[in-house]
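Peer 1: Dumping the structure here so I can ask a few things about it.
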Amino acid sequence: MEQMQAADGTPLKRSLKRALRRQKLRALALVAPLLIFVLITFVIPIGNMLFRSVENQIVENTLPETISALKDWDAQGGELPSDDMFTLLYIDLWLAQEQKLHTRLGSRLNYEVSGVSSVFRKTGRRVGRFDTDIYTEQFTELDPAWEDPTTWVALFEDDAAADALQLTARTWDRWSDYLVSEDEDPAAEDIQDFLFTALHFDLSRAEGLTEGPPILQSAAEVAGSFKTVNLKEAFADADNDWADLELWQTLKLYSPTYTPGYFLNSIDMQKSLDGIEMQPANEQIYITLFGRTLWMSLVIMGCCILLGYPIAWLLANLPARKANLLLILVLLPFWTSLLVRTSAWKVMLQQQGVINDVLVWIGLVSNGDRLVMINNQFGTIVAMTHILLPFMILPMYSVMQTIPPSYLRAAKSLGATNWTAFWRVYFPQSVPGIGAGSILVFILAIGYYITPEIVGGTQGVFISNRIAYHISSSLNWGLAAALGTILLVIVLMLYWAYDKIVGIDNVKLG
Amino acid sequence: MKLTKTLFATTALGAAATLVVADGHMAGDMTLVSWGGAYQASQQKAYVEPYLADNAGVNAVWDESSAEAVAKLRAMNEADNLTWDLVDVVASDAIRLCDEGLAMEIDHDELLAPAPDGTSASEDFGDLIVSDCFIPQIVYSTTVGYRTDAEGWSGTPDNICAIWDTENFPGKRSLEKRPIGNLEWALLCDGVAKDDIYDVLETDEGQAQAFAKLDAIKDQVVWWTAGADTPQLLADGEVVMGSTYNGRLFSLIVEQEQPVEMLWDAQVFDLDGWIIPAGLPEDRLARVKDFVRFATDTQRLADQSKFISYGPARASSAPLVSTHADLGIEMAPHMPTDPANAENTFLYNYEWWADYRDDLDAKFQAWLAQ
């Protein structure tokens, strides 16, 4: 059979395909701005946040030599790491303090163990004054060329030498990378003590170095007999905690690049040498807060349904003029600033506030025992119910508007009582509106932050208040990210459960 | 086609606006970060306005973000887009910014002006230079104010332990919702000697002791988070006594004439000052250095106390403290640094808190939630 052809003579199939592809491309181009916007402002930040909650590269990046050597150290053996480890730590810390990274690591580890922050700060100040200059002196005495950075540059261009001096070669690479990143020339900078320390470390272990440049060979011969520095003592002298097992155990515990530590912390657990354990009872807080957040959000949602349903019903059933006025009354607070409304509740609810004043004035409450209605859960529930009420009323209203009044009349004409007519005929049709409003209110409530902060006191605060604290105050972004991730997962799970039980198709916004 | 034209025009305008902003720093926009409110106003009047009068090309832009300065600077650092030139922070934040490498380490003697008598800046500021990155401006203290018309009181509070004396001074109290300061006061009022407090607080038993002491008044406490809370609560009569910054109490008592008095006992000394963000480009750094040198000299720091009752951080500024710019009253007796007020002060241990704040904050929050 002959192929169908388009007007220009190409086969119809191909022509059709081309047209379709063009259409698809045009459609993509039309949604592209939104797609890019969503990607940049939503997907990437959330992905970034999820990543932060497990990311722990800082330990290994700051102390690479120490961490790789720590793998072979038995943390439960009850013995401090060997002297070699202190040499590696010295090299790592020297480079870290030069780049001002050591205090960052200190702050990171301080989230796990109190006091590490100052250990790193103190040691960072002292590490440049350790007595390692004796290595520098001894090498330069042997051959003044050691002092010349060009000797070093030449030395590590030679692969054989770099193979023989592994630690020194790696250290030299890190040093020259750092200098290059600072726009400086490794061939022009003074050779520092820590490089000689690394060199001595390698040479005193290299037996019978027969290859390589003569300067290296002659140094290798005598390096074993050099005067040495006890860096273990030097560290213990800078801060006694270095002679303490706990610090080393912490380092080992938090050395992996990815850690479940933040997630464990956010459910009141912690890593320990014996595995995972609960936090001490006086530091457990997050499970309580998650539970409270969920429970109070449910209560707020319930209050909104109870208060919102009759209003939505009125809105849907009153004559248009009255309904519009009522709608404006619903929307007016919706348009008012959140902070203003919350502060207004403060004025209303406080002990010297409007409600208490009225109660005292009409004699229901004596002046001595005014009601406590704020800085507790009650205050949070009242204020948040008020703030979230429009989110419940509006979807309910738009669903109820679509329910024809004739159904109720039909039910009544067939003999139903008012209640039966409402409960069996009207209510089931309004359920999608309740569903939509409930999801909206619950999800908004679960992430609320500013209202609980202002009126919540100690018992009425939510998990988001802790997330905000860790973001802006304690700077423990990893923990904040883990808490946020858990909150996100809870919401998704509840959404899934809702879909299974009620069915998401039963949710209508109008 | 009209639409297209409008679109083009808008885009072109937008592009032009971006250019102006991008070029703004060269034109002399200097972004200063501070706390807003009366404190920022005092800085504006005491040294920003005089500086701008002498440097017509420079324009100062305020950003009231000091409360979130550490988090924002970290975010700017990660995004590699530093928009701030000079940041006002409390000392503990300065230490953290320095630790994180987000603030620039400075040589105080080289950067800052010496005192009029030639004393070097580092000596003039003395111990108040608590970090290599920190340029102190003022000393403030967190202290207690109380209502003079509280019902059912016998006597008037004369020391910090009045907070715990619910028998003689019944009524609600407001305390800051953080462990710092409160734990020290608790131990102090539980009989621990002032010099031993941090040693005691370092141990589990000491922490338990402090929390137990706070337990005694827990149901009487309203916890505040913003400096304006306590003055408001005191003015409303919601609490009968409460802790806050001395400058806030000063304006409540002197400017708003409320029936409130303040206690100068065991007030917690703290510092506020500038840091220069790390990684400023050369031209902006040079301008900021010039401004800081001017803004922290002896006369300027003394001038600031005309507008707010915080003590100048330089020793040489103290004798120059004069009268309030509007009210005309002597400011010296309202300064936390005034000898009569500073008879029994409490020095806040920055290093100690840098180590223990994460741990104790978790414990404090867990205690609050119980």
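Peer 1: Looking at the stretch A:440-453 only, could you name the residues that are within 12 Å of chain B (Cβ to nearest Cβ) and either touching a strand residue (DSSP E or B) at 6+ places or on another chain (Cβ under 6 Å) or under 11 Å from residue A:384 (Cα atoms) (or both)? Give the derivation first.
Peer 2: Initial filter on the stretch A:440-453 (within 12 Å of chain B (Cβ to nearest Cβ)): A:450, A:452-453.
Hits for the stretch A:440-453 are A:450, A:452.
Peer 1: Any residue in the stretch A:430-444 that is over 10 Å from residue A:507 (Cα atoms) and in a helix (DSSP H, G or I) sitting within a Cβ distance under 8 Å of a residue that is of a type in the set (A, V, I, L, M, F, W, C) and modelled with pLDDT under 90? List the pairs, counting only those 6 or more apart or interchain.
Peer 2: Close Cβ pairs (under 8 Å, with a partner that is of a type in the set (A, V, I, L, M, F, W, C) and modelled with pLDDT under 90) amount to A:442/A:494.
Peer 1: Being farther than 20 Å from residue B:144 by Cβ and away from chain A (no Cβ under 14 Å) is the filter; apply it to the stretch B:185-241 and report the residue that is surrounded by the fewest Cβ atoms within 10 Å (Cβ to Cβ).
Peer 2: Looking at residues that are farther than 20 Å from residue B:144 by Cβ and away from chain A (no Cβ under 14 Å), I get B:195.
Peer 1: May I ask you to say which residue of B:77, B:59 is over 26 Å from residue B:338 (Cα atoms) and either within 14 Å of chain A (Cβ to nearest Cβ) or without any contact (Cβ under 8 Å) to a residue 24 or more places away in the chain (or both)? First the steps, then the outcome.
Peer 2: Details: B:59 fails: either within 14 Å of chain A (Cβ to nearest Cβ) or without any contact (Cβ under 8 Å) to a residue 24 or more places away in the chain (or both).
After applying the criteria, what remains is B:77.
Peer 1: Out of (1) out of contact with any Phe, Trp or Tyr (no Cβ under 9 Å at 6 or more places or on another chain); (2) among the small types (Gly, Ala, Ser); (3) part of a loop (DSSP other than H, G, I, E, B), the odd one out for residue B:126 is which?
Peer 2: (3)
Peer 1: Let me ask you something else. Take the residues of the stretch B:242-276 that are of a type in the set (Asp, Glu) and in contact (Cβ under 8 Å) with a residue 12 or more places away in the chain: which is farthest from the other protein chains (Cβ to nearest Cβ)?
Peer 2: Top of the filtered list is B:265.
Peer 1: A further question on this structure: When the residues of the stretch A:96-123 are narrowed to those that are over 22 Å from the mean Cα position of the chain (by Cα) and outside any helix (DSSP H, G or I), which ends up farthest from the other protein chains (Cβ to nearest Cβ)?
Peer 2: A:99
Peer 1: Among the residues of the stretch B:147-170, are any within 22 Å of residue B:354 (Cα to Cα) and out of contact with any strand residue (DSSP E or B) (no Cβ under 8 Å at 6 or more places or on another chain)?
Peer 2: So far as the stretch B:147-170 goes, no, none of its residues is within 22 Å of residue B:354 (Cα to Cα) and out of contact with any strand residue (DSSP E or B) (no Cβ under 8 Å at 6 or more places or on another chain).
Peer 1: Still on this structure: Give the residues of the stretch B:146-184 that are buried (at least 21 other Cβ atoms within 10 Å of the Cβ) and part of a helix (DSSP H, G or I), sorted by residue number.
Peer 2: Passing the criteria: B:160, B:162, B:163, B:182, B:183, B:184.
Peer 1: Suppose we keep only residues that are within 12 Å of chain B (Cβ to nearest Cβ) and surrounded by 15 or more Cβ atoms within 10 Å (Cβ to Cβ) within the stretch A:254-283. Which one would you say is farthest from residue A:66 (Cα to Cα)?
Peer 2: The qualifying residue farthest from residue A:66 (Cα to Cα) is A:282.
Peer 1: Looking only at the stretch B:80-102, filter to residues that are within 10 Å of chain A (Cβ to nearest Cβ) and in a loop (DSSP other than H, G, I, E, B); which one of those is surrounded by the most Cβ atoms within 10 Å (Cβ to Cβ)?
Peer 2: Once the filter is applied, the top-ranked residue is B:102.
Peer 1: Sticking with this one: Give the number of residues within the stretch A:469-508 that are more than 10 Å from chain B (Cβ to nearest Cβ) and over 8 Å from the mean Cα position of the chain (by Cα).
Peer 2: 23
Peer 1: Also, quick follow-up: Which residue is surrounded by the fewest Cβ atoms within 10 Å (Cβ to Cβ), if the candidates are limited to the stretch A:284-302 and must be within 14 Å of residue A:494 (Cβ to Cβ) and in contact with a helix residue (DSSP H, G or I) (Cβ under 8 Å, 6 or more places away or on another chain)?
Peer 2: A:298
Peer 1: Same structure again: Sort out for me the helices (runs of 4 or more DSSP H) sitting completely within the stretch B:277-370 that have 1 or more residues that are within 14 Å of chain A (Cβ to nearest Cβ). Even if it seems obvious, please write down each step before you answer.
Peer 2: On the way: elements: B:282-295, B:298-304, B:350-369.
Correct list: B:282-295, B:350-369.
Peer 1: Is there any pair linking a residue in the stretch A:236-258 that is without any contact (Cβ under 8 Å) to a residue 40 or more places away in the chain to one that is of a type outside the set (Lys, Arg), with Cβ under 6 Å and at least six apart or on different chains, and which?
Peer 2: Close Cβ pairs (under 6 Å, with a partner that is of a type outside the set (Lys, Arg)) amount to A:236/A:242; A:236/A:243.
Peer 1: How about the stretch B:325-341: which of its residues are touching a residue at least 24 places away in the same chain (Cβ under 8 Å) and either surrounded by 15 or more Cβ atoms within 10 Å (Cβ to Cβ) or among the aromatic types (Phe, Trp, Tyr) (or both)?
Peer 2: If we filter the stretch B:325-341 for residues that are touching a residue at least 24 places away in the same chain (Cβ under 8 Å), which is where we start, we get B:325, B:327, B:329, B:331, B:334-338, B:340-341.
Answer for the stretch B:325-341, where residues must be touching a residue at least 24 places away in the same chain (Cβ under 8 Å) and either surrounded by 15 or more Cβ atoms within 10 Å (Cβ to Cβ) or among the aromatic types (Phe, Trp, Tyr) (or both): B:325, B:331, B:334, B:335, B:336, B:337, B:338, B:341.
The values are calculated or read from the model by the stated rules, or taken from the named source; none is laboratory data. Remember, it's a predicted structure, so these values are computed and weren't measured experimentally. Virtual Cβ from ideal backbone geometry, glycine too; neighbours counted across all protein chains shown.
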